[in-house]
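The values are calculated or read from the model by the stated rules, or taken from the named source; none is laboratory data. What you see is a predicted model, and the numbers here were worked out from it, not measured in a lab. Cβ placement follows ideal geometry from the backbone for every residue including glycine, while neighbour counts extend to all protein chains displayed.
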Amino acid sequence: MDSLDKDSGFRTPAEELEHLQNELAGIRSLLREATVKLAQIERHVRRAFPDAKPTKTAPAGKPQVCNAGEDKPSLVHETALELFETLRRVAESEGGDAVEKRLSELTMADVRFLSQELGLPSGTKLSRAKLNSGISGRLNESILLSRNINVTPSRAEQWAGPSSIDSGKDAGEAD
Amino acid sequence: MAGKSPKTIATINFKGGVGKTTVTWCLGDVVSDLSSNRVLIFDLDAQMSLTQAITLNEDTGYLESKFAKWYDNSIERKKTIFDALDQFTKPSPYFDFGVGFDFIYQITDRLHFVPSVEDLYWMELEVFDRDGVKDFIRRLLGKIANSPKLPEYDYVLFDCPPSFTLLSYSVLACCDLILIPVNPDFFASKGTNLILNTLRMRIEPHPLPHIGVFMNKTKTWGGAPTNESRFYMREIERVCTQAAEKQQVQAKFFKSWIPERVGVKRAITSGGVPAELVDPFKKLWKEAVDWIA
């Protein structure tokens with residue numbers, strides 16, 4: 001946090017402490033104002049030094065997936081993402097059937113691992129068909145998120161002329 | 001006031017519910033409270049979420065009387081953002097609208113606020129000179145920067161509505177950074193593509209500002225984003241990279257992310273940004289400011 005504070009212009013913990021001491025000195029003058037101010041400062045301290053008090057932390061690590069009775073996956077995080085990129089290209093160029101074929105060539109452990117890496121349910125009770133369906137869904141989402149269809153030409157294109165726009169319908173209407 | 005131009009950051013996403021208002025508020029709160037920067041926040045959404053949140057005080061359950069009185073006075077004296085726009089669109093050679101603390105509310109010493117009004121709902125119907133509106137925010141900021149009654153702001157943050165209104169047009173035509181919060185789900189992510197790929201043609205001939213996209217409401221496990229959140233982070237980063245290549249937009253997917261916390265919704269109405277979210281917002285701010293430096 002120190003390096004972040006120095007780089008970003010936020011006060012350092014030492015400056016923060018000095019700031020708070022100044023605030024505390026000021027509130028002695030008026031009791032009513034001090035009560036309000038003190039509450040503000042307490043809040044400020046909690047925010048400026050979030051690590052100062054013990055906080056409940058969730059158990060570290062990723063959720064364990066029971067792979068009992070299965071081989072270990074050959075994929076790791078990086079290769080799983082590479083495989084997803086490959087499947088994405090296959091989905092775009094060859095369609096869903098080709099993706100299904102590629103997925104059927106993977107071991108069950110690898111399909112389960114890929115599902116897990118994509119944030120899909122990957123419990124041992126899930127069938128291969130359901131896992132494949134989830135992965136296909138993620139592929140579809142990925143493709144749709146990047147797809148963009150503009151029917152309106154930009155102003156620059158409008159100024160450049162109508163050559164890039166299909167004028168067949170317009171011609172028909174003009175007749 | 002020296003008339004230094006503040007850096008301007010607009011939070012926008014055409015999808016509702018992604019956390020635009022909360023993010024705008026939390027950034028303003030953290031930066032003004034934990035640094036020496038002075039921040040001005042505009043609520044440009046006719047739904048008035050930010051304005052209402054500041055009005056409400058959950059600690060007492062009553063309306064915060066100081067702001068409520070100031071707001072009534074502001075409406076009565078025709079010193080709202082709507083009145084400023086109304087004055088700007090009148091056929092006059094001058095933009096005759098004085099800006100002072102009857103137009104800007106002081107939440108704290110370094111956090112100031114321009115509230116919204118419901119009239120903005122109907123603005124689209126009443127304004128005929130749409131092209132004339134595009135310079136409104138630029139001219140208004142110029143007035144604020146040159147007003148002797150007002151302090152020098154380091155940053156101006158805009159909470160934009162979840163649609164492309166005349167006011168958002170005016171903001172996007174002059175801001176330094178468009179900040180787009182997204183969420184780890186398909187529908188909240190889809191809007192990024194729409195904005196990145198179509199904004200240029202809507203803003204032309206104005207130059208497109210820098211665009212920063214980041215994951216808000218990130219689902220976590222053990223303090224790190226879940227695999228599902230990571231999936232959407234990778235996909236949105238892909239969208240940003242593609243848009244940067246194809247559309248020549250200065251779009252970047254930020255590494256900073258804000259975790260999902262139920263308590264953050266109460267940040268505006270009571271207590272400010274929760275302690276555990278201060279550091280994520282500081283990191284997000286640093287990345288945003290570095291991007292437009």
### Query
If you scan the stretch B:226-253, which residues turn out to be touching a Phe, Trp or Tyr at 6+ places or on another chain (Cβ under 8 Å) and at positive phi?
none
### Task
Run A:Glu23 past the list (1) surrounded by 13 or more Cβ atoms within 10 Å (Cβ to Cβ); (2) over 30 Å from A:Met108 (Cα atoms); (3) more than 11 Å from chain B (Cβ to nearest Cβ); (4) at pLDDT below 75 and report the number of the one that doesn't hold.
(4)
### Message
Conditions first: (1) within 14 Å of chain B (Cβ to nearest Cβ); (2) modelled with pLDDT of 85 or more; (3) surrounded by 11 or more Cβ atoms within 10 Å (Cβ to Cβ). A:Glu78 passes all but one, so which condition is the exception?
### Response
(3)
### Message
Restricting to the stretch B:219-229, name every residue that is within 15 Å of B:Asp185 (Cβ to Cβ) and either facing chain A (nearest Cβ under 7 Å) or surrounded by 22 or more Cβ atoms within 10 Å (Cβ to Cβ) (or both).
### Response
B:Thr226, B:Asn227, B:Glu228, B:Ser229
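Among the residues of the stretch B:214-230, are any assigned to a helix (DSSP H, G or I) and of a type in the set (A, V, I, L, M, F, W, C)? First the steps, then the outcome.
Filtering the stretch B:214-230 down to residues assigned to a helix (DSSP H, G or I) leaves B:227-230.
Now drop any that are not of a type in the set (A, V, I, L, M, F, W, C), which leaves none.
Looking through the stretch B:214-230, none of the residues is assigned to a helix (DSSP H, G or I) and of a type in the set (A, V, I, L, M, F, W, C).
In this structure, is B:Ser189 within 12 Å of another protein chain (Cβ to nearest Cβ), within 21 Å of B:Ala288 (Cα to Cα), in a helix (DSSP H, G or I) and touching a residue at least 40 places away in the same chain (Cβ under 8 Å)?
Working: within 12 Å of another protein chain (Cβ to nearest Cβ): yes; within 21 Å of B:Ala288 (Cα to Cα): yes; in a helix (DSSP H, G or I): yes; touching a residue at least 40 places away in the same chain (Cβ under 8 Å): yes.
In short, yes.
State whether one or more residues within the stretch A:60-70 are within 29 Å of the chain's Cα centre (by Cα), at pLDDT 85 or above and either small (Gly, Ala, Ser) or under 30 Å from A:Leu145 (Cα atoms) (or both).
Just the residues of the stretch A:60-70 that are within 29 Å of the chain's Cα centre (by Cα), to begin with: A:60-67.
Retained after the next criterion (residues that are at pLDDT 85 or above): none.
No: the stretch A:60-70 contains no residue that is within 29 Å of the chain's Cα centre (by Cα), at pLDDT 85 or above and either small (Gly, Ala, Ser) or under 30 Å from A:Leu145 (Cα atoms) (or both).
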### Query
(1) in a loop (DSSP other than H, G, I, E, B); (2) farther than 22 Å from B:Ser256 by Cβ; (3) within 14 Å of the chain's Cα centre (by Cα): which one isn't true of B:Cys175, the others all being true?
(2)
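Would you mind finding the one in B:Ser74, B:Ser116 that is surrounded by 14 or more Cβ atoms within 10 Å (Cβ to Cβ) and outside any loop (DSSP other than H, G, I, E, B)?
Details: B:Ser116 fails: outside any loop (DSSP other than H, G, I, E, B).
Only one candidate qualifies: B:Ser74.
Say we look at the stretch B:1-53 and pick out the residues that are basic (Lys, Arg) and farther than 19 Å from B:Val182 by Cα; which of these is farthest from the other protein chains (Cβ to nearest Cβ)?
Let us first name the residues in the stretch B:1-53 that are basic (Lys, Arg), namely B:4, B:7, B:15, B:20, B:38.
Applying the additional criterion that residues be farther than 19 Å from B:Val182 by Cα yields B:4, B:7, B:38.
Working: B:Lys4: 16, B:Lys7: 12, B:Arg38: 13 Å.
Among residues in the stretch B:1-53 that are basic (Lys, Arg) and farther than 19 Å from B:Val182 by Cα, the one farthest from the other protein chains (Cβ to nearest Cβ) is B:Lys4.
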### Query
Just one of the numbered conditions (1) farther than 20 Å from B:Ile12 by Cβ; (2) in contact (Cβ under 8 Å) with a residue 12 or more places away in the chain is not true of B:Pro115; which one?
(1)
#### Entry: Criterion (within 13 Å of chain A (Cβ to nearest Cβ), within 15 Å of the chain's Cα centre (by Cα) and either more than 27 Å from A:Arg138 (Cβ to Cβ) or modelled with pLDDT under 85 (or both)) met by exactly one of B:Phe158, B:Phe164
B:Phe164
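Conditions tested, residue by residue: (1) in a strand (DSSP E or B); (2) surrounded by fewer than 22 Cβ atoms within 10 Å (Cβ to Cβ).
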residue	(1), (2)
B:Trp122	no, yes
B:Lys143	no, yes
B:Lys149	no, yes
B:Phe158	yes, no
B:Pro162	no, yes
B:Leu167	no, no
B:Leu194	no, yes
B:His206	no, yes
B:Ile211	yes, no
### Query
Can you name the number of the only condition in (1) part of a strand (DSSP E or B); (2) within 7 Å of chain A (Cβ to nearest Cβ) that B:Glu235 fails?
(1)
### Message
What's the total number of residues in the stretch B:244-256 that are more than 12 Å from B:Gly212 (Cα to Cα) and either aromatic (Phe, Trp, Tyr) or in a helix (DSSP H, G or I) (or both)?
### Response
2
## Note on the structure
When restricted to B:Met201, B:Met123, the only residue more than 14 Å from chain A (Cβ to nearest Cβ) and farther than 28 Å from B:Val31 by Cβ is B:Met123
### Task
Name the helices (runs of 4 or more DSSP H) wholly inside the stretch A:85-172 in which the number of residues that are within 14 Å of chain B (Cβ to nearest Cβ) and modelled with pLDDT of 85 or more is 3 or more.
A:108-117, A:128-146
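Which members of the stretch B:257-279 meet the condition of being of a type outside the set (A, V, I, L, M, F, W, C) and either at the interface with another protein chain (Cβ under 9 Å from one of its Cβ atoms) or surrounded by 20 or more Cβ atoms within 10 Å (Cβ to Cβ) (or both)? Can you show your working first?
Quick first cut of the stretch B:257-279, residues of a type outside the set (A, V, I, L, M, F, W, C) only: B:259-261, B:263, B:265-266, B:269-272, B:274, B:276, B:279.
B:Gly271, B:Gly272, B:Pro274, B:Glu276, B:Asp279 - these are the residues of the stretch B:257-279 that are of a type outside the set (A, V, I, L, M, F, W, C) and either at the interface with another protein chain (Cβ under 9 Å from one of its Cβ atoms) or surrounded by 20 or more Cβ atoms within 10 Å (Cβ to Cβ) (or both).
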### Query
Before we move on, is B:Val249 buried (at least 17 other Cβ atoms within 10 Å of the Cβ), in contact (Cβ under 8 Å) with a residue 40 or more places away in the chain and out of contact with any strand residue (DSSP E or B) (no Cβ under 7 Å at 6 or more places or on another chain)?
no
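Out of B:Asp109, B:Asp102, I need the residue that is within 14 Å of chain A (Cβ to nearest Cβ) and under 30 Å from A:His44 (Cα atoms). Which one? It would help to see each step written out before you state the result.
Details: B:Asp102 fails: within 14 Å of chain A (Cβ to nearest Cβ).
Exactly one residue qualifies, and that residue is B:Asp109.
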### Task
Hey, can you tell me all the residues within the stretch B:33-50 that are buried (at least 24 other Cβ atoms within 10 Å of the Cβ) and not aliphatic (A, V, I, L, M)?
B:Phe42, B:Asp43, B:Asp45
